[in-house]
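The structure under discussion appears below in the form of structure tokens.
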Amino acid sequence: MNAKTKYRDLAFEKNLSIFCQPWWLDAVCGERNWDVVILEEPDGIVAALPYYVTKKYGLACFLQPPLTQSLGPWIASSQSKYAKQLSRQKKLMGLLIENLPPYDYFCQNFHYSITNWLPFYWKEFSQQSRYTYVLDDLSALDRIWDGFQAKARTDIRKAQKTLKVRSDFTIDIFLDLHKLTFTRQNLNLPYSQNLVRRIDAACEKNDARKIFYAVDNCGQIYAAVYIIWDKSSAYYLMSGSHPDFRRSGATSLLLWEAIKFSSTVTEVFDFEGSMLEPIERFVRGFGAKQVAYSRISRMNKRTKLLYSIREFVKASKNIIQ
């Protein structure tokens with residue numbers, strides 16, 4: 001059995017995050033465009049690090065796949081003393097790094113549960129803190145509702161008076177709304193529609209997604225919210241809204257419905273955050289806890305030189321202008 005075959009068995013057995021599941025990586029990367037480093041001991045696999053392989057400007061890059069919140073190393077749990085756990089993490093993470101094939105640039109988002117990135121620092125990786133927002137206990141919906149800011153509750157009540165929530169439209173209907181969100185900002189969709197369709201087909205096959213639509217009595221769709229989940233968490237993956245109905249409260253209503261549904265299938269709701277201030281402000285209104293996660297990256301010497309040259313050329317152009 002090769003490493004990927006063994007990893008497929010591990011991911012199923014250990015209920016790894018949806019973003020680390022082989023079927024997810026097949027959908028977002030292409031089956032041939034991702035690989036994994038695994039470490040084995042007599043009792044089985046003790047560590048794994050999946051990675052997405054792509055080429056940029058002729059460089060071998062191991063990047064974060066599109067629409068994938070987190071990857072990073074998996075280390076088998078241990079009941080030993082804390083100091084021994086850290087020592088073991090250092091050893092295993094170090095070996096994972098050493099067993100990666102040659103690359104020019106590495107960049108991954110680690111799940112927020114991975115708080116120890118020191119072994120990567122010691123191997124000359126850099127870290128950048130990023131943020132998501134999480135409802136970490138879906139068992140008490142009344143408490144969650146009380147934690148919403150007043151505006152979020154008002155928007156939901158307003159939308160409930162005129163809109164119904166449905167989940168019986170096709171992925172193409174969702175894509176039409178999703179594209180409108182970017183068109184309104186004079187932006188192109190940052191990934192292909194076929195990628196979204198592949199993700200949707202894979203999630204539907206694995207019973208791991210639901211799309212919520214807000215619809216009025218005339219059949220007009222105001223907004224849509226797309227969530228995915230695994231046994232530990234649900235994730236607010238994508239959304240879309242009609243620009244004529246942005247003040248309707250439809251998206252807030254759909255998120256509340258998504259949170260209530262998520263409480264029946266998993267434990268946590270992850271809004272996936274945003275570093276964009278308007279989006280962060282909207283998400284914060286749902287009373288979720290801000291949680292930091294790490295973006296880990298490393299360039300080899302050749303890539304650093306090329307990057308420095310590119311930045312110098314850009315700066316020179318700005319000076320000339």
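The values are calculated or read from the model by the stated rules, or taken from the named source; none is laboratory data. These numbers were taken from a predicted model, which means no experiment stands behind them. Every residue, glycine among them, receives a Cβ derived from its backbone with ideal geometry; neighbour counts consider all protein chains shown. Please note that ligands, DNA and RNA were not included when accessible areas were found on the heavy atoms of the full protein model with its side chains. Shrake-Rupley method; radii C 1.70, N 1.55, O 1.52, S 1.80 Å.
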The summed charge of the residue 156 Cβ neighbourhood (under 12 Å; Lys/Arg +1, Asp/Glu -1) stands at +4
Karplus-derived 3J(HN,Hα) from phi for segment 251-256 (6.51 cos²θ - 1.76 cosθ + 1.60, θ = phi - 60°), whole Hz, x at Gly and Pro, runs 5, 4, 4, 5, 5, 5
Residues whose built amide H sits under 5 Å from the amide H of residue 234, excluding neighbours closer than 5 in sequence, are 267, 268, 269, 270
Whole-percent carbon and sulfur contribution to the accessible surface of the chain (1.4 Å, no ligands, DNA or RNA) stands at 50
Nearest 10, in degrees from 0 to 90: the angle of helix 150-162 to the longest Cα principal axis of the chain is 50
XL table 151/289; 6/56; 56/91; 55/205; 81/231; Cα-Cα > 22 Å flagged, in table order, is 6/56; 56/91; 55/205; 81/231
Those trypsin sites (Lys or Arg not before Pro) from segment 228-284 that are DSSP loop and have at most 10 other Cβ neighbours within 10 Å turn out to be 247
Excluding residues fewer than 8 positions from residue 158 in its own chain, the lysines with Cα under 21 Å of it are 260
Applying the gyration tensor rule to the Cα atoms of segment 55-98 (axes a ≥ b ≥ c; rounded if a/c under 1.5, else prolate if a/b exceeds b/c, else oblate), the class is oblate
Treating only Lys and Arg (+1) and Asp and Glu (-1) as charged, each at its beta carbon, one finds that the chain has a dipole about its Cα centre, in Debye to the nearest 20, of 980
Phi angles of segment 142-148, converted by Karplus (6.51 cos²θ - 1.76 cosθ + 1.60, θ = phi - 60°) into ³J(HN,Hα) in whole Hz with x for Gly and Pro, give 4, 5, 5, 4, 5, x, 5
If every Lys and Arg gets +1 and every Asp and Glu gets -1 at its Cβ, then about the Cα centre segment 1-147 yields a dipole, in debye to the nearest 20, of 420
Note to self: with every protein chain in place and a 1.4 Å probe, the chain gives an accessible area per residue in Å² of 55
Rounded to the nearest 10 degrees, the helix 171-183 long axis (Cα) sits at an angle to the longest Cα principal axis of the chain of 80
When every protein chain stays in place and a 1.4 Å probe is rolled, 294, 263 sorted by accessible area with the largest first are 263, 294
Binned at 20 Å from zero, the C-alpha pair distances of the chain give percents of 28, 54, 17, 0
Quick calc, segment 111-162, dipole around Cα centre from Cβ unit charges on Lys, Arg (+) and Asp, Glu (-), nearest 20 debye, gives 360
In degrees rounded to 10, the 0-90 angle between helix 3-13 Cα long axis and the longest Cα principal axis of the chain is 50
For segment 1-83, listing chymotrypsin sites (Phe, Trp or Tyr not before Pro) in a DSSP loop whose Cβ sees at most 16 other Cβ atoms within 10 Å gives 57
Computed ³J(HN,Hα) along segment 98-112: with the Karplus parameters 6.51/-1.76/1.60, θ = phi - 60°, integer Hz and x for glycine or proline, the list is 5, 8, 5, x, x, 8, 9, 8, 10, 8, 9, 8, 8, 4, 4
Given backbone amide H placed at 1.01 Å from N, residues whose amide H is under 5 Å from that of residue 246, ignoring those fewer than 5 places away on the same chain, are none
